[in-house]
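All of the numbers you see were taken from the coordinates with simple rules; none came from a lab. These figures come from a predicted structure and were not determined experimentally.
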Amino acid sequence: PPPEPPPQNGEGPPGVLTVSGETSGVLLGGLRPWSRYRLRVLLFNGRGDGPPSDEIRFQTPEGGEGP
């Protein structure tokens, strides 16, 4: 199932989406219209976690998800 979007007020726990190492891109579904989001990428393997990426901030448009 797709990950649950974070609460709209941004105060809830972060969502987690795990993808395989062969993945070259991911589409995030279930985002709420006219909402702000923050995203970080963290890589991990059998040797441990890598450092998180810089924070990526984005906002969904008023109309909601596109095709």
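Backbone geometry of region 30-44 corresponds, through the Karplus equation with coefficients 6.51, -1.76 and 1.60 at θ = phi - 60°, to 3J(HN,Hα) couplings of x, 7, 7, x, 6, 10, 9, 9, 10, 9, 10, 10, 10, 9, 8 Hz, x marking Gly and Pro.
Counted residue by residue at 0.36 nm each, then reduced by the alpha carbon distance between them, the extension gain from Q59 to L43 reaches 3.4 nm.
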